[in-house]
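Asks: To start, I am sharing the structure in question, which I have written as structure tokens.
Please treat every number below as a calculation from the coordinates, not as lab data. The structure displayed is predicted, hence computed values, not measured ones. Reconstructed Cβ throughout: ideal geometry from the backbone, glycine too, with neighbour counts over all protein chains shown.
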Amino acid sequence: MAELLTDATELWVSMRRPERLAAFRRSDLRLALRAVRLVRAVPTPWLELRGWRVDGIAVPGWVALGRRRHGTGYDFTVVRGNGPAVVVELNGQAFERVVVSCTDAGAVAARIAAAAGIA
């Protein structure tokens, strides 16, 4: 399962090789930590998905990996199953929103918010 990791300046979505292949990515997704404007944990990620799949795979209710196009830009998703997820909203990046499934979504969201310096 994908992980959201941070260091002093970056937030990145660390994916295993099969996830990267399914999402049509050669490497992990890296984003500037200063671009994070909102982070939240959600109980189900499916209501957070916007637009339609451009790259990657999507089977509603089961998996959504890759880039999604909507009216104002692009989102990146690594969603599996019906468990909780973290939604990261961004400013000035290639993606407006990143949605990643993770079992400890509340703790991960709090860690990212603290690293980004947002409440």
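Asks: Starting at the first residue of region 45-59, write each ³J(HN,Hα) from the Karplus equation 6.51 cos²θ - 1.76 cosθ + 1.60 with θ = phi - 60°, in whole Hz, x for Gly and Pro.
Replies: After applying 6.51 cos²θ - 1.76 cosθ + 1.60, I find x, 5, 6, 8, 6, 10, x, 10, 5, 9, 10, x, 10, 8, 10 Hz.
Asks: If you don't mind, there's one more thing I want to ask. Reported to two decimal places, what Rg/Rh ratio describes the chain when computed on Cα atoms with Rh from the Kirkwood expression?
Replies: Rg divided by Rh gives 0.92.
Asks: What size of dipole, in debye to the nearest 20, comes out for the chain about its Cα centre when the only charges are +1 on Lys and Arg C-beta atoms and -1 on Asp and Glu C-beta atoms?
Replies: 300
Asks: Another one. Which whole-number percent is the relative contact order of the chain (Cα, under 8 Å, 6+ apart)?
Replies: Relative contact order comes out at 26 percent.
Asks: Quick check: the angle from helix 105-116's long axis to the longest principal axis of the chain, C-alpha only, nearest 10 degrees?
Replies: Long axis of 105-116 versus the principal axis of the chain: about 50 degrees.
Asks: How about region 22-64: which chymotrypsin sites (Phe, Trp or Tyr not before Pro) there are in a DSSP loop, with at most 13 other Cβ atoms within 10 Å of their Cβ?
Replies: In loop regions of region 22-64 (DSSP not H, G, I, E or B), the sparsely surrounded chymotrypsin sites (Phe, Trp or Tyr not before Pro) are PHE24, TRP62.
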